[in-house]
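Scroll down for the structure; my scribbles are underneath it.
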Amino acid sequence: MGAIVLQVKNISKHFPGVLANDHINFDLRKGEIHTLLGENGAGKTTLMNILDGIYYPDEGEIYLNGKKVDIRSPFEATKNGIGMIHQHFMLVDTLTVLENVVLGLESQGFYLNKKKIAERIKEISQNYNLNINPYAKIWQLSVGEQQRVEIIKTLFRGAKILIMDEPTAVLTPQEADTLFKILRRMIKEDKSIIFISHKLDEVMKISDRITVLRKGKLVGTVDKKEIKQKELAKMMVGREVLFRLDRNPIRRKGEVLKIEDLETHNDKGIIILRGINFSLPGGEIFGLAGVSGNGQTELAEVIVGLRRAIAGKVYIKGEEVTNLCPKAITKEGTNYIPPDRLKVGLVPNLSTVENAILRRYDREPISRGIFLNYEEAAKYTRELIKQFNIMVPRENAPVKFLSGGNLQKLILAREIREEPALLIAVHPSRGLDVGATEFVRKKLLEERDQGVAILLISEDLEELLMISDRIGVIYEGKIVGMVDIDDANINEIGLMMAGVHKNPLLKGEENVKV
Amino acid sequence: MLKFEKRENIPLHLRILIPLISILLGVLIGGIAVMFSQVNPLTVYKAIFIGAFGSTYVFSETIVVAIPLLLISVGLILVFKMNYWNIGAYGQYIMGAIFCTYFALNSAETMSRPILLMMMCIAGMVGGALWALIPAALKAYWKVNEVITTLLLNYIALYILKFLMYGPWRNPRSFGFPLTKIFDLNAQLPKLISHTRIHLGLIFGIIAAIIIWIIIKKTKFGYEIRVIGENEIAARYAGINIAKNIILAMIISGGLAGLAGMAQISGIIHMLQIEINPDYGYTAIIVAWLSGLNALTAMIVSFFLGGLFAGASQIQITMKVPIGIVGLIESSILFFLLGGAILTNYKLYYKGRKII
Ligand SMILES: Nc1ncnc2c1ncn2[C@@H]1O[C@H](COP(=O)(O)OP(=O)(O)OP(=O)(O)O)[C@@H](O)[C@H]1O
Ligand SMILES: [Mg+2]
């Protein structure tokens, strides 16, 4: 393995109420993929933001190829050959790939030599098999493609060290495989990569070395070859993690959700649901599998009233709720864990307390006449924090300062605590660490045992297989297959997700017993 | 290289220091401009200061200007918090003045003073609120952009006023001037301090500021407004009725602008005429911003801007400087104040080093 290209010595960073990095030591070799692992809020993003010049450390030094450097802005990071790809992409939707790549470049002058830049983009794209057309508009690209545009951006700027913060959280397993191929290609060219992920199996697959953080402190750095997945989890969480969950036998109760011939548009006005039919009884987890973009988020939005149905009907507990307002549907006992936490589920600039009460501010005891009882609100928030083990340095600071996983936990806590009859969960464990993922899955199973009907929408087949009672596959706006968990076959489901194989059972929709 | 980062909370010393430095810079630039017109800037500034705070009388005039600014700006703060850009306080103010004048002209003989004044206050608020209701409903139900509608309604309000003043409400004994008759004493807001023009409107303004502050910080209504303003999708997700909130907040905002119009003609002008200073409706937008959308801070800002305007109008009279110069000084100070306000809300980094 190559020489050390980047070394971090004794880095500390403190935020109000929390020591996010506590004397961290870390090094990166030429041509390696070094994974950063740690629970939610352990300080991974903070450490990477320091390397990228977004934060400046309180203490400690950074060495590049043995030379001490002082990185005070992302611009200086770029000059030093460091490029970071954030979990939330920094692309302008309405511009082309090319325009996004040159955006913010200093040396372009007034006149853009588009042709030359396009050539260069094509060259990079070919070299690493990125498969990106420089003239495509960002909004036309899939999430995976957008991520590759981010990669092109950093390579175009001459990055030798690439930092990727949870790149696979938003990818389908197939897209993740493509990404890994690209990463492998990059290390062959002597680039070095720092990779963050909570998915232990992919960490084991892709990394050369792994560094584990816990609560801002360094636990240690290990060679991938010398450690097993289980030990890794223990190192990270400090206890054994179950990778299997015990499930009680299913006890279905009366129909809670029924969808009939549902159709709707997506944001671009194109029909995305083309006649969805299914029914979901209480006490069951119905997992909806599908490659993203096949209508699953739109389906969730129509059910909760955030998107209008253009045809078809939605019934909750026998009552028709099609196109009612979200409030009325929530009143029927529906709760929703949305896929996009900062855009839909939370109000970034309001405090943790104010976000925690989003579902309850209108009810006693938090509501007191026309007033809000902030003491009760804080009390309730602390209950959620404790029950769901959320890491909140200061409950009155804007919620956007929580770490990615803790944001997700806050939404989960808030929605599950409403004791819904119907829970719609889209990627509930996205961005959660192994411990929290296990906790959430257990919680969903508990809810199911209590008789809650759960619609679980996920691209993570493993998660679907682990906790669902029945799995449906959505493809191009239709449910193309439905199987009981005992008959589920991961390969068959995978093929159906790709639209290759249809489930014969579905010929007569009514045949599918609930 | 320059980077802004939103502040979590604003340290007190910055809250005081930044406006002070901004004012100084504005004064400096304004002073340079004054030199071009062959007047010593120092004497001009001294005159402004004396004109604003130099004697009990001019001091009271400062407060007289601050009253409508305060009433209007706290109402604006409520809707601005919701990202609803009401720039129609101008028209709402005029409608308030028109509505209350109806009672001043027709009921002065039949009603006792407290009852009449109460009726006029209510009429003023109803006038402003109705005028605000139109763009609010258009936005709430048909998503019509409020910037356009509120702005256009200002012109309509002005023409309604002109129509009334040249038509049905013109006093036959005003020698053709577009004025109503002077209001009976019954219809005049009582003075708070004798020998000044400070009237009961000051109390209205302070009460309004406190109520708006409480609404925003302590009530469910205020909470909903903040959620809508910060993230409308999350508000819909939480089942907040956005249309209802827009309408309610605009009724309050317009009502306060209407009350300001009422207070001005009943407390200061004592009749309806074409020139009733509706421009306060625009200046109040600046007050709302400078106070960081905080209703209590708006009290201080209104007072300061009141001083600036009162002082500036004094020098126009006493020093005979061209009116353009007065405007220039005012705007250079406002310019720097607004620019400085960015630094109270954001941290500034240069090459990663924190500057402020
Ligand atoms: N700008 C900030 N202001 C205040 N606190 C912050 C800020 N950024 C991060 N923190 C806090 O620092 C701690 C570490 O956060 P960080 O985002 O580095 O965690 P992480 O390891 O990336 O977690 P996750 O896996 O959930 O993304 C958290 O407690 C977080 O609330
Ligand atoms: Mg993170």
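The values are calculated or read from the model by the stated rules, or taken from the named source; none is laboratory data. Fair warning: this is a prediction, and the values are worked out from it, not measured in the lab. Glycine gets a Cβ as well: all are built from the backbone with ideal geometry, and neighbour counts include every protein chain shown. Note: accessible area is taken over every heavy atom of the protein model, side chains too, but ligands, DNA and RNA are not part of it. Shrake-Rupley method; radii C 1.70, N 1.55, O 1.52, S 1.80 Å.
Over all residues in A:64-76, what is the mean tally of Cβ atoms on other chains that come within 10 Å of each residue's Cβ? Write down the numbers at each step before the final one.
Working: counts 0, 0, 0, 0, 0, 0, 2, 1, 8, 8, 2, 4, 3.
Taking all residues of A:64-76 together, the mean is 2.
How high is the relative contact order of segment B:97-236, given as a whole-number percent (alpha carbon pairs under 8 Å, six or more residues apart)?
Once normalised by length, the contact order is 17 percent.
Roughly how many debye, to the nearest 20, is the charge dipole of chain B about its Cα centre, given +1 on each Lys and Arg Cβ, -1 on each Asp and Glu Cβ, and no other charges?
Charge dipole of chain B: 740 debye, to the nearest 20.
Note down the relative contact order for chain B as a percent, whole number, built from C-alpha pairs under 8 angstrom at least six residues apart.
Relative contact order for chain B comes out at 38 percent.
Just report the Cα centroid separation between segment A:400-451 and segment B:177-234, whole Å.
Cα centres, segment A:400-451 to segment B:177-234: 46 Å.
How much accessible area per residue does chain A have, counting only protein heavy atoms and a probe of 1.4 Å, in square angstrom? It would help to have the intermediate numbers written out before the result.
Values: 22330 Å² over 514 residues.
Heavy-atom SASA per residue in chain A reads 43 Å².
With a 1.4 Å probe on protein heavy atoms only, work out how much accessible surface B and A bury together, total over both chains, in Å² to the nearest 100.
Accessible area lost upon association: around 2900 Å².
Would you mind telling me the antiparallel percentage of the DSSP bridges in the protein assembly as shown, rounded to 5? Write down the numbers at each step before the final one.
Numbers: 58 of 93 bridges.
Antiparallel bridges make up about 60 percent of those DSSP assigns within the protein assembly as shown.
Computed from the mean reciprocal separation of all distinct C-alpha pairs, what Kirkwood hydrodynamic radius does the protein assembly as shown have, in Å? Spell out each step's value before the answer.
Details: mean 1/r = 0.0322 Å⁻¹.
Mean inverse Cα-Cα distance, inverted, gives 31.0 Å.
Please list, in order along segment A:349-359, the HN-Hα scalar couplings obtained from phi with the Karplus expression 6.51 cos²θ - 1.76 cosθ + 1.60 (θ = phi - 60°), rounded to whole Hz, x for Gly and Pro.
Working through the residues one at a time gives 8, 8, 6, 4, 4, 5, 7, 5, 9, 3, 8 Hz.
If I take every Cα pair under 8 Å that is 6 or more residues apart in chain A, average their sequence separation and divide by the length, what percent do I get for the relative contact order? Before the final figure, lay out the partial values.
Details: 1018 pairs, mean separation 79.5, N = 514.
Reported relative contact order: 15 percent.
List the lysines whose Cα lies under 16 Å from the Cα of A:Lys268, skipping any in the same chain that are fewer than 8 positions away.
Those lysines meeting the cut-off are A:Lys137.
Loop-only GluC sites (Glu not before Pro) in segment A:142-214, please: DSSP not H, G, I, E or B, and at most 13 other Cβ atoms within 10 Å. Walk me through the intermediate numbers first.
Values: sites: A:Glu145, A:Glu150, A:Glu175, A:Glu189, A:Glu202; in loops: A:Glu189.
Filter output for segment A:142-214: A:Glu189.
What fraction, in whole percent, of alpha-carbon pairs in segment A:4-237 exceed 33 Å separation?
Values: 4353 of 27261 pairs.
When every Cα pair of segment A:4-237 is considered, 16 percent fall beyond 33 Å.
When the distances between all Cα atoms of segment B:219-280 are binned every 10 Å from zero, what whole-number percent does each bin get?
20, 34, 19, 19, 8, 0
Once phi is turned into θ = phi - 60°, what whole-Hz ³J(HN,Hα) does the Karplus curve with 6.51, -1.76 and 1.60 give for every residue of segment A:198-203, x standing for Gly and Pro?
9, 8, 5, 5, 6, 4
Which of B:Gln314, B:Tyr346, B:Ala47 sits farthest toward the positive end of the charge dipole of chain B, with +1 on the Cβ of Lys and Arg and -1 on the Cβ of Asp and Glu?
Of the options given, the answer is B:Tyr346.
Excluding A:Ile467 itself, what net charge comes from residues whose Cβ is under 13 Å from its Cβ, given Lys and Arg +1 and Asp and Glu -1? Walk me through the intermediate numbers first.
Values: positive: A:Arg244, A:Arg247, A:Arg441, A:Lys442, A:Lys443, A:Arg448, A:Arg470; negative: A:Asp246, A:Glu284, A:Glu438, A:Glu446, A:Glu447, A:Asp449, A:Asp460, A:Glu462, A:Glu463, A:Asp469.
Residues near A:Ile467 contribute -3 overall.
Give me the angle, in degrees from 0 to 90, between the Cα long axis of helix A:404-416 and the longest principal axis of the Cα atoms of chain A, rounded to the nearest 10.
10 degrees
Going by amide H atoms built from the backbone, whose H comes under 5 Å of the H on A:Ala311, apart from near neighbours?
Residues meeting the criterion, in which the H sits 1.01 Å from N, are A:Glu263.
Of A:Gly220, A:Ser73, A:Ile4, which is farthest towards the positive pole of segment A:4-237's charge dipole, taken about the Cα centre with +1 and -1 on the beta-carbons of Lys, Arg and Asp, Glu respectively?
Going by the Cα projections, it comes out as A:Ile4.
As an exercise, find the ratio Rg/Rh for segment B:64-295 from alpha-carbon atoms, using the Kirkwood inverse-distance average for Rh.
On the way: Rg = 17.7 Å, Rh = 17.7 Å.
Dividing the radius of gyration by the Kirkwood radius yields 1.00.
With each run of n ≥ 4 DSSP H residues scored as -39500 (n - 2.57), what mean residue ellipticity at 222 nm is computed for the protein assembly as shown after dividing by its residue count and rounding to the nearest 500 deg cm²/dmol? The partial results should precede the final answer.
Numbers: 29 runs with 406 residues, N = 870.
Computed ellipticity for the protein assembly as shown at 222 nm equals -15000 deg cm²/dmol.
Which far-off residues, 5 or more places away or on another chain, put their amide H under 5 Å from the one on B:Leu179, with H placed in the peptide plane?
Counting only residues 5 or more places away or on other chains, the set is B:Asn171.
Taking the Cα centre of each part, how many Å lie between segment B:119-170 and segment A:271-346?
42 Å
So for segment A:346-419, what are the equivalent ellipsoid semi-axes in whole Å, largest first, each being the square root of 5 times an eigenvalue of the Cα gyration tensor?
Values: eigenvalues 74, 34, 21 Å².
Ellipsoid semi-axes (Å, largest first): 19, 13, 10.
Which listed residue (A:Phe371, A:Ile416, A:Pro393) has the Cα farthest towards the positive end of the charge dipole for segment A:346-419, taking +1 on Lys and Arg C-beta and -1 on Asp and Glu C-beta about the Cα centre?
A:Pro393
Hey, can you grab everything whose amide H is under 5 Å from the amide H of A:Leu257? Only 5+ residues off in sequence or another chain; H modelled, so Pro and N-termini drop out.
Under 5 Å from the amide H of A:Leu257 lie the amide H atoms of A:Leu280, A:Lys317, each far enough along the sequence or on another chain.
So which chymotrypsin sites (Phe, Trp or Tyr not before Pro) in segment A:55-146 are both in a DSSP loop and have at most 13 other Cβ atoms within 10 Å of their Cβ? Can you show the working numbers first?
Working: sites: A:Tyr55, A:Tyr63, A:Phe75, A:Phe89, A:Phe110, A:Tyr111, A:Tyr128, A:Tyr135, A:Trp139; in loops: A:Tyr55, A:Phe89, A:Phe110, A:Tyr111, A:Tyr128, A:Tyr135.
The qualifying sites are A:Phe110, A:Tyr111, A:Tyr135.
Which of the aspartates and glutamates could a cross-linker bridge to A:Lys191, judged by Cα under 12 Å and excluding same-chain residues fewer than eight apart?
A:Glu32
Taking Cα centroids, how far is segment A:42-99 from segment B:30-94 in Å?
45 Å
Could you run the Karplus curve 6.51 cos²θ - 1.76 cosθ + 1.60 with θ = phi - 60° over segment A:477-485 and give me ³J(HN,Hα) per residue in whole Hz, x for Gly and Pro?
Residue by residue, segment A:477-485 yields x, 9, 7, 9, x, 8, 9, 6, 4 Hz.
Kindly tabulate the residues in segment B:237-253 with an accessible-area decrease of at least 20 Å² between the chain alone and the assembly of all protein chains, using a probe of 1.4 Å.
B:Tyr237, B:Ala238, B:Gly239
Would you be so kind as to identify all helices of chain B, as entire DSSP H runs, whose Cα atoms reach 24 Å or more along the helix's own axis and whose mean Kyte-Doolittle hydropathy is at least 0.0? Please list the in-between numbers first.
Values: long enough: B:12-36 (37 Å, 2.29); B:56-80 (35 Å, 2.22); B:89-106 (26 Å, 0.88); B:113-142 (43 Å, 1.39); B:146-166 (30 Å, 1.47); B:201-218 (25 Å, 2.29); B:242-264 (33 Å, 1.45); B:295-318 (34 Å, 1.47); B:323-345 (34 Å, 1.83).
Flagged H segments are B:12-36, B:56-80, B:89-106, B:113-142, B:146-166, B:201-218, B:242-264, B:295-318, B:323-345.
For A:Lys230, which aspartates and glutamates qualify as cross-link partners when the Cα separation must be under 16 Å and same-chain residues fewer than eight apart are set aside?
Within reach: A:Glu39, A:Asp201, A:Glu202, A:Glu240, A:Asp433, A:Glu438.
Can you tell me the 0 to 90 degree angle between the C-alpha axis of helix A:114-127 and the longest principal axis of chain A, rounded to 10?
80 degrees
Would you work out the charge dipole size for segment A:4-237 about its Cα centre, treating the Cβ of every Lys and Arg as +1 and the Cβ of every Asp and Glu as -1, and quote it to the nearest 20 debye?
Values: 35 positive and 29 negative charges, 101 e Å.
So the dipole magnitude of segment A:4-237 works out to roughly 480 debye.
About the Cα centre of segment A:28-72, how large is the charge dipole given +1 on each Lys and Arg Cβ and -1 on each Asp and Glu Cβ? Please answer in debye to the nearest 20. Can you show the working numbers first?
Numbers: 6 positive and 7 negative charges, 54 e Å.
Here the size comes out at about 260 debye.
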